[in-house]
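Encoded as structure tokens, the structure appears first; notes follow it.
The values are calculated or read from the model by the stated rules, or taken from the named source; none is laboratory data. Note that this is a predicted model, so its numbers are computed, not measured. Don't worry about glycine lacking a Cβ; one is built from the backbone with ideal geometry, like all the others, and counts go over all protein chains shown. Keep in mind that these areas ignore ligands, DNA and RNA; they rest on the heavy atoms of the full protein, side chains included. Shrake-Rupley method; radii C 1.70, N 1.55, O 1.52, S 1.80 Å.
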Amino acid sequence: MNDAMRMNNSSSVEGQPAPAISVRGIVKHFGAVRAVDGIDLDVPRGMIFAILGPNGAGKTTLMRMLATLATPDAGSASVMGHDLVTAPQKVRASIAMTGQFASLDEDLTGRENLLMLARLWGYRGRGAKERADELLAAFDLADAANKQVKAYSGGMRRRLDIAASLVVTPGVLFLDEPTTGLDPNARQSVWRMIRALAGSGVTILLTTQYLDEADQLAARIAVIDKGKKIAEGTSRELKAATGSGFLHVALADPARVDDARRLLEDHLGGKVQQSAEGVQLSVMAGTPAAASQAIAALIADNIELADFSMGSPSLEEVFFALTGGGGRLAKPEGDER
Amino acid sequence: MTDLSSTPLELRLDRAPPKPPSAFSNALVFGWRAILKFKHVPEQLFDLVMTPIMFTLLFTFVFGGALAGSTGAYLQFFLPGILVQTVVFNAVYSGMGLSTDLSKGLFDRFRSLPIWSLAPFAGLMVGDILRHLIAGGIILTIGLILGYRAEAGVLGIIAAFGLLLAVGFGMGWIFIVLGLLVRTPMTVMTAGFTFLFPLVFASNIMVQPDTMPGWLKAFVEVNPISLMTSAIRGVMAGNATVSDVLWALVAPAALTVLLAPVTLWLYRRSDR
């Protein structure tokens, strides 16, 4: 791992409040599978922190442990200064979690769902009703307040689910894949909400398998694969650590992709990454001169280029470089990056 | 599709949270949820209403004459029994509801809240009690119309219903545990009825065990369902002894003591 990625603060400054989340060597296994295999994490208060990784990487398990929904097998963690194992009820009092699947009562109306949670948090009578109505208004659900949740669209459910997590302002809000399955419009509105919440001081830990989501929202990103943290840093740091001299080449003729790949590997040595559609190749070039030579070789072999550029790797390329191309990340539907 | 770009999140986040509520208040909220379910899912009332009506009428008129000489005499014997059977069968619904909630992730939210751990189950119990009272009331009404008379009068009926609720409460734990273990509501129902049918039919609900083979008779006499039925029959007829009632309560009490901690453990275990 590169130095630029090791950004964990080893010691906290005296007199400062405990970090929002502090995790040391946390482990969770299911039978022989180590779903989470010794992860360290430090999330300062007020930050949007993303956990990025493919399906099955251990993101959800890590988050469920932090939300007291699963017990760690080893390691320790504290949330808002409360130990996960010895003071779970205090952790619960300072967090909220919106899971991957809407944790709402589908038979009840949106308003009843919020009323129920407001009362569970201790709002009474008129206070509970006022709080439910405030949340409905803030999340643009007032019109659907008296409809059963089973009649809600995916975007409405997700908004209600997040609203349900804000009945009492949590110290840490856990969002497990907050935009999975949403259309681009609804995704934008969820992103806007997340930013607004972070702006008012809520620490947000979100998992995602979308690189652009981590890139756009998070101040810091931890990349997780096979239960281990393989990198951590800002989006810029992660990209810089992978190397800035990335050559991107788009081919005019998809049939020549194997020839092009071979030529690039011969000239530049690095592992060539291929886009899902197959016509875009990316490779670490080192210097512009080396990149020019590689392009000259492609042209000399009559491989027509639709486009080429030199620049920072995308987070996706960072991810493949880190996982050795083993992991596959999803791309949001209908969203060509 | 609504777009929030024009409406930035305007939510007061900075105010102090309310005082943490009591365990009892938590339980009341879940009870309220159970009542809302009756309002929003009226389909469940159909089962709840039709099954006891059907059983009461069928057994009384089809078997009554053959078993007791007349439908009237049989009804006098059978009505307390069908009350027990209905309450025991109704207990399956809690387990099914729980299994549904778990499969949808709703309990993840409950479990991440700083509330009394058993509160969601108290809510299920409230739903159960309402179901038992509705179904029991319907059966009693039909019985009275058909000529059933409780020798112990209104007080006997009230006492019998109290005992019924205790029976339902105890049996409810079995299905709550089943609901926590099994993820599909249909499986909870199938497993529940597979377990309940022999218990209910090999009891003294429909007939006295006098004509049964010895081994079956021995089972029927110690079957907790029989003990419950005898006690309720006795309470309604005004000739129950204290020991009848205590025997009837042994199984519900034992189930509660054994299964309430198991429920809590399964609920907190969480590694699903």
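Computed quantities for the displayed model
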item	result
Test for residue B:233: is it more than 14 Å from every other protein chain (Cβ to nearest Cβ), among the charged types (D, E, K, R) and touching a residue at least 60 places away in the same chain (Cβ under 8 Å)	yes
Members of region A:209-234 that are in a helix (DSSP H, G or I) and under 20 Å from residue A:275 (Cα atoms)	A:211, A:212, A:213, A:214, A:215
Candidate set from region A:83-106 (those that are within 16 Å of residue A:174 (Cα to Cα) and either in contact with a Lys or Arg (Cβ under 6 Å, 6 or more places away or on another chain) or among the acidic types (Asp, Glu) (or both)); member that is nearest to the other protein chains (Cβ to nearest Cβ)	A:103
Any hit, region B:136-146, residues being of a type in the set (A, V, I, L, M, F, W, C), open to solvent by less than 10 Å² (accessible area, probe 1.4 Å) and either part of a helix (DSSP H, G or I) or modelled with pLDDT of 90 or more (or both)	yes
Criterion (assigned by TED's automatic domain parsing to the domain that holds residue A:203, on the phi > 0 side of the Ramachandran plot and crowded, with 18+ Cβ neighbours inside 10 Å) met by exactly one of A:63, A:80, A:97	A:80
Test: residue in region B:255-265 that is in contact with an Asp or Glu (Cβ under 6 Å, 6 or more places away or on another chain) and under 20 Å from residue B:163 (Cα atoms)	no
In region B:62-90, residue least open to solvent (accessible area, probe 1.4 Å) [restricted to those that are aromatic (Phe, Trp, Tyr) and closer than 21 Å to residue B:132 by Cα]	B:78
Selected residue (criterion: farthest from the other protein chains (Cβ to nearest Cβ)) from residues of region A:177-199 that are without any contact (Cβ under 8 Å) to a residue 24 or more places away in the chain and not hydrophobic (A, V, I, L, M, F, W, C)	A:199
Test: residue A:109 is in contact with a helix residue (DSSP H, G or I) (Cβ under 9 Å, 6 or more places away or on another chain) and either over 19 Å from residue B:112 (Cβ atoms) or surrounded by fewer than 23 Cβ atoms within 10 Å (Cβ to Cβ) (or both)	yes
Filtered residue count, region B:91-131, keeping only those that are more than 12 Å from chain A (Cβ to nearest Cβ) and open to solvent by 10 Å² or more (accessible area, probe 1.4 Å)	10
Neighbours by Cβ (under 9 Å, 6+ apart or cross-chain): first from region B:81-109, touching a residue at least 60 places away in the same chain (Cβ under 8 Å); second open to solvent by 10 Å² or more (accessible area, probe 1.4 Å) and small (Gly, Ala, Ser)	B:95/B:191; B:97/B:34
Residue that is nearest to the other protein chains (Cβ to nearest Cβ) [pool: residues in region A:69-82 that are touching a residue at least 60 places away in the same chain (Cβ under 8 Å) and assigned to a strand (DSSP E or B)]	A:79
Residues located in region A:235-257, provided they are within 23 Å of residue A:322 (Cα to Cα) and open to solvent by 20 Å² or more (accessible area, probe 1.4 Å)	A:236, A:237, A:239, A:240, A:241, A:242, A:244, A:248
Scope region A:123-143; condition open to solvent by less than 10 Å² (accessible area, probe 1.4 Å) and either more than 8 Å from chain B (Cβ to nearest Cβ) or in a loop (DSSP other than H, G, I, E, B) (or both); matching residues	A:128, A:131, A:132, A:136, A:139, A:141
Region B:16-41 - residue that is within 8 Å of another protein chain (Cβ to nearest Cβ) and not in a helix (DSSP H, G or I) and, of those, modelled with the lowest pLDDT	B:17
